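Readers should treat all values here as calculations from the given coordinates under stated rules, not as data from a laboratory. Keep in mind that this is a model prediction, so the values were computed, not measured. Cβ placement follows ideal geometry from the backbone for every residue including glycine, while neighbour counts extend to all protein chains displayed.
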Amino acid sequence: MAESKTVEIQVLRYRPEQDDKPVWQSYAVPFTDDMSVLQGLQHIKDELDGTLSFRWSCRMAICGSCGMMVSGKPKLSCQTFLRDLLPGPVRIEALAHFPIERDLVVSVGEFVKKLEGIKPYLIPKVPRTLAEGEYLQTPAQVEQFEQYSSCINCMLCYSACPQYGLDPDFTGPGVLALLHRYNADSRDGGREQRMEVLNAQEGVWSCTAVGYCSEVCPKHVDPANAVNQNKVNSARDYFLRFLSPKRDSS
Amino acid sequence: MQGWWRRDPFFVRYMVREATAVAVLVYAVVLTVGAVRLAQGEAAWNGWLAALRSPGSVLLHVVLLVAMVVHAKSWFEIMPKTMPMIVIGGRRLSATTITRSGWAAAVIASIALFAWAAWWRA
């Protein structure tokens, strides 16, 4: 008969209607070696405490919903395993640097606004009709932007970024990586329209190349690379603007 | 955010990297003073050389040398992040190659500098 092992999972709770500030709550969760932290939370909600709130969806590290701090590090709970956190306790908090709405649910409105602000869609270089057929791209052209398109908007990089933690106005690694994804796509002609976001103090220039964002990214997007290589582009744009002021970003 | 950098070894290493810039600044000041003394004549120049040979100065230079090596190591580690994608012969230049190229350039430049200085002294 298999012995049932348990692990202590501590969760930072926050219920605005009853808590002045967040408070730790501890649960004893039976687990097997293949259980993820997400499954641990689901056990808590199903069997121990139905009031626990947390986001999740795909449980396979592609939707980006289940980001949270697991023992001090930003992780996707579906991709983090209890067996790696033994003997515990496993300390779970809402994603760092974001306002907490409830328990492990953070406010994502600002992130979404920033994402909308970079025009995250292909802007054709010239108007194109259906009759012209599809765009053709070589594998080399696809490689230029492909890794940056892997971003699942999980916001772990924002939790990792100390500059974002110190100043939430920073556009941030994820959004800037997606900005680069479109600029680097040979089909796109919207670079000029995105320059203002890039050039701003809150754009690439708030980044000091800590690099932790790329460390925590679950999809290996390497946002640090996207942001820092655009410092050259931003500087070049600044000097070209200085030399020929007739250029504008319309 | 108080003490944010103490919360993770990754951040501690980052702050060490940033702190080594202070060592670079200190050494730049030392060399600048040397240049000024050189312009002020032989007596001033010899005075500066003598100051450099003092035990305190030697200790400072050992500390600065260690800081410089850490500075080089941490900079070469982050350098690939600052560069755009480079494709050579159909293959993407890897971060490891970029870091190693930085080290190679630094070692070659150091050897060349020592060789030239030794040739000057001879």
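Here each label is just a point 7 Å from Cα along the line to Cβ, and for B:Ala106 and A:Glu143 those points are 2.8 nm apart. Evaluated over the protein assembly as shown, the count of Lys pairs having alpha-carbon atoms less than 21 Å apart is 11 (only pairs 8 or more residues apart or interchain). Residues B:Thr97, B:Thr32, A:Thr80, arranged from fewest to most other Cβ atoms within 10 angstrom of their Cβ, appear as B:Thr32, B:Thr97, A:Thr80. Put simply, the convex hull of the Cα atoms in the protein assembly as shown casts, on average, a shadow of 30.3 nm².
Annotation: the residues B:His61, B:His71, sorted from fewest to most other C-beta atoms within 10 Å of their own C-beta, follow the order B:His61, B:His71. Of B:Ser110, A:Ser77, B:Ser101, the sequence from fewest to most neighbouring Cβ atoms within 10 angstrom is B:Ser110, B:Ser101, A:Ser77.
Shape analysis of chain B places it in the oblate category; the axes a ≥ b ≥ c from the Cα gyration tensor give an a/c of at least 1.5, with a/b not above b/c.
Restriction of the trypsin sites (Lys or Arg not before Pro) in segment A:166-250 to DSSP coil positions whose beta-carbon has at most 10 other beta-carbons within 10 angstrom yields A:Lys246. If you filter segment A:99-172 for GluC sites (Glu not before Pro), then keep DSSP loop positions with at most 15 other Cβ within 10 Å, what is left? Sites meeting the loop and neighbour criteria: A:Glu134. Put the Cα centre of segment A:104-163 next to the Cα centre of segment A:213-234 and the gap is 13 Å. A dipole drawn for the protein assembly as shown from +1 and -1 charges on Cβ atoms has a positive end, and of A:Val175, A:Leu198, B:Ser54 the residue lying farthest that way is B:Ser54. Put a plus charge on the Cβ of each Lys and Arg, a minus charge on the Cβ of each Asp and Glu, and nothing anywhere else: the dipole of segment A:109-243 about its Cα centre is then about 240 debye. Dipole magnitude for segment A:5-106: computed about the Cα centre from +1 point charges on Lys and Arg Cβ and -1 point charges on Asp and Glu Cβ, it is near 240 debye. Simple rule: put +1 on each Lys or Arg Cβ and -1 on each Asp or Glu Cβ in chain A, find the dipole, and look at A:Val11, A:Pro99, A:Gly211; the Cα lying farthest toward the positive end is A:Gly211.
As an equivalent ellipsoid, segment A:5-106 spans semi-axes of 20, 16, 12 angstrom, where each value is the square root of five times an eigenvalue of the C-alpha gyration tensor, largest first. Under the combined filter of DSSP loop state and at most 14 neighbouring Cβ atoms within 10 Å, segment A:54-129 retains these trypsin sites (Lys or Arg not before Pro): A:Lys125, A:Arg128. May I ask for the net charge around A:Phe31, where only other residues with Cβ less than 11 Å from the Cβ of A:Phe31 are counted and Lys, Arg are +1 while Asp, Glu are -1? Local charge sum for A:Phe31: -1. Values of log10 I(q)/I(0) for segment A:109-243 across q = 0.13, 0.16 Å⁻¹ run -0.54, -0.80, by the Debye formula with one identical scatterer at each alpha carbon and no solvent.
For chain A, the cysteines with no partner cysteine C-beta closer than 4.7 Å are A:Cys66, A:Cys78, A:Cys151, A:Cys154, A:Cys161, A:Cys207, A:Cys217. Charge dipole (Cα centre; +1 on Lys/Arg Cβ, -1 on Asp/Glu Cβ; no other charges) of segment A:79-129 amounts to roughly 420 debye. Tell me whether segment A:63-184 comes out rounded, prolate or oblate; compute the Cα gyration tensor, take square roots of the eigenvalues as a ≥ b ≥ c, and use a/c under 1.5 as the rounded threshold. Prolate, because a/c is 1.5 or more and a/b exceeds b/c. Averaging the Cα positions of each part gives two centres, and for segment A:54-86 and segment B:90-122 these lie 43 Å apart.
Both radii were evaluated on the Cα set of segment A:60-101; the Rg over Rh quotient, with Rh as the Kirkwood radius, amounts to 0.98. In angstrom, the C-alpha Rg and Dmax of segment B:1-71 are 16.6, 53. Using θ = phi - 60° in the Karplus curve 6.51 cos²θ - 1.76 cosθ + 1.60, the 3J(HN,Hα) couplings for segment B:72-88 round to 4, 4, 6, 5, 5, 5, 8, 3, x, 5, 8, 10, x, 5, 10, 10, 10 Hz; x is entered for Gly and Pro. Rg and Dmax over the alpha-carbon atoms of segment B:83-122 stand at 15.6, 48 Å. Here the extension length gained between B:Tyr27 and B:Trp116 equals 30.0 nm, from 0.36 nm per residue of separation less the Cα-Cα distance.
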